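Chemist: I'd like to ask some things about the structure below.
No lab work stands behind these numbers, since they all come straight from the coordinates. Remember, it's a predicted structure, so these values are computed and weren't measured experimentally. All Cβ positions, glycine included, derive from the backbone under ideal geometry; neighbour counts span all protein chains shown.
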Amino acid sequence: MSRFADKAVIVTGAGSGIGRAAARLFAREGAAVAAVDRNAETLEATVAAILAEGGRAEAHAADSGDEEDVVAFIAAAERSFGRLDAIFANAGIGGGTKPLLEQSVALWEEVLRVNLIGAFLAVKHGAPALQRHGGGAIVCTASVAGMRANAAGAPYSASKAGVISLVQTAADALAGTGVRVNAVCPGLIETGMTAGLFAAARARGSEGRIGQLNPLRRAGQPDEVAAAAVFLASEAASYINGQALAVDGGLSSSHPFVPGRC
């Protein structure tokens, strides 16, 4: 049975990677999907893929870290679909690899604006919309980088730690409203954001070592994170609230080590 039959969802960062995989999975599960991304070209490709599979979707080229844009695409989704049942606040940027003491305030401001303020805006304006239609779920993309150090750069890690805190505090702030708020925390996933890492490993012949620090000994795929996000947004997760679910092959379950070495 389709978990989202006759329901409507918004997916931000839907132009590629985890967002595209989630938008397509929501549509396969019966949802009408409002796909949001700053990149209009990749966004249209996502919507085209959904329509080709017989799903229902529309594109909204917008900046998920801009309040006016967020208000606009939430209102547009409600007008188009007549309801809103879930939001996957997934849009994010990496922040690069420049050493901490060489990073600028401008870099930090932009990473926090997109990754953390974007999630906050999804909650601020999405929760009232969900309440208007009887409640629902908001799922934010955090990261294992927000749980422990050394998974990514400082601004990205700080922004994702903020997202984890946000879903906890938002779940409490929305007590009694019928709106649940949770996060997925991806580990090493092959997406456009990590493409350089994967390309470098393949170029030097060390592709087999990618993901070696987690118990599954491999990297993850966008579909695997999308499955967790869709689950958290569904009624199957109706008693899960204020949680950060790691989807990382077990990486965060222990202190990292190199097998065979002390």
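Chemist: Over region 42-151, what is the relative contact order in whole percent, taking alpha-carbon pairs under 8 Å and six or more residues apart? Numbers along the way, then the final one.
Modeler: Details: 101 pairs, mean separation 33.6, N = 110.
In percent, rounded to a whole number, it is 31.
Chemist: Working only with C-alpha atoms, what are the Rg and Dmax values of region 1-158, expressed in angstrom?
Modeler: 15.9, 52
Chemist: In debye, nearest 20: dipole of region 60-154 around its Cα centre with unit charges on the Cβ of K, R (+) and D, E (-)? Write down the numbers at each step before the final one.
Modeler: Working: 7 positive and 10 negative charges, 72 e Å.
Magnitude of the dipole: close to 340 debye.
Chemist: Here is a follow-up. Which lysines, if any, have their Cα less than 26 Å from the Cα of K98, not counting same-chain residues under 8 positions apart?
Modeler: K160
Chemist: Next question. Using Cβ contacts closer than 10 Å as the measure, can you line up I10, I240, I189 from fewest to most? Can you show the working numbers first?
Modeler: Details: I10 32, I240 14, I189 22.
Ordered from fewest to most neighbouring Cβ atoms within 10 Å, I10, I240, I189 come out as I240, I189, I10.
Chemist: Quick one: compute the contact order of region 13-57, relative version, from alpha carbon pairs under 8 angstrom and 6+ residues apart, as a percent. Could you put the intermediate results ahead of the total?
Modeler: Values: 65 pairs, mean separation 19.9, N = 45.
Dividing the mean separation by the residue count of region 13-57 yields 44 percent.
Chemist: Could I ask something else about it? Which value, in debye to the nearest 20, gives the size of the charge dipole of region 1-122 about its Cα centre, when Lys and Arg are +1 and Asp and Glu are -1 at the Cβ?
Modeler: Details: 11 positive and 17 negative charges, 102 e Å.
Rounded to the nearest 20 debye, it is 480 debye.
Chemist: Given the rule -39500 (n - 2.57) for each run of at least 4 DSSP H residues, summed and divided by the residues of the chain, what is its mean residue ellipticity at 222 nm, to the nearest 500 deg cm²/dmol?
Modeler: Details: 8 runs with 104 residues, N = 262.
Calculated from helices alone, the mean residue ellipticity at 222 nm is -12500 deg cm²/dmol.
Chemist: What ranking do T42, T141, T97, T12 get, fewest neighbouring Cβ atoms within 10 angstrom at the top?
Modeler: Values: T42 16, T141 26, T97 10, T12 34.
Lowest count first: T97, T42, T141, T12.
Chemist: Contact order normalised by length for the chain, with contacts defined as Cα pairs under 8 Å and 6 or more residues apart; what percent is it?
Modeler: Values: 545 pairs, mean separation 47.6, N = 262.
Across the chain, relative contact order equals 18 percent.
Chemist: Could you work out how far helix 118-132 tilts from the main Cα principal axis of the chain, as a 0 to 90 degree angle to the nearest 10?
Modeler: 30
Chemist: Pop a pseudo-label 7 angstrom from the Cα along the beta-carbon direction at both E109 and S254 and give the gap in nm to one decimal.
Modeler: Going from the E109 label point to the S254 one covers 4.4 nm.
Chemist: Listing S80, S157 from the residue with the fewest other Cβ atoms within 10 Å to the one with the most, what is the order?
Modeler: Ranked by crowding around the Cβ, least crowded first: S80, S157.
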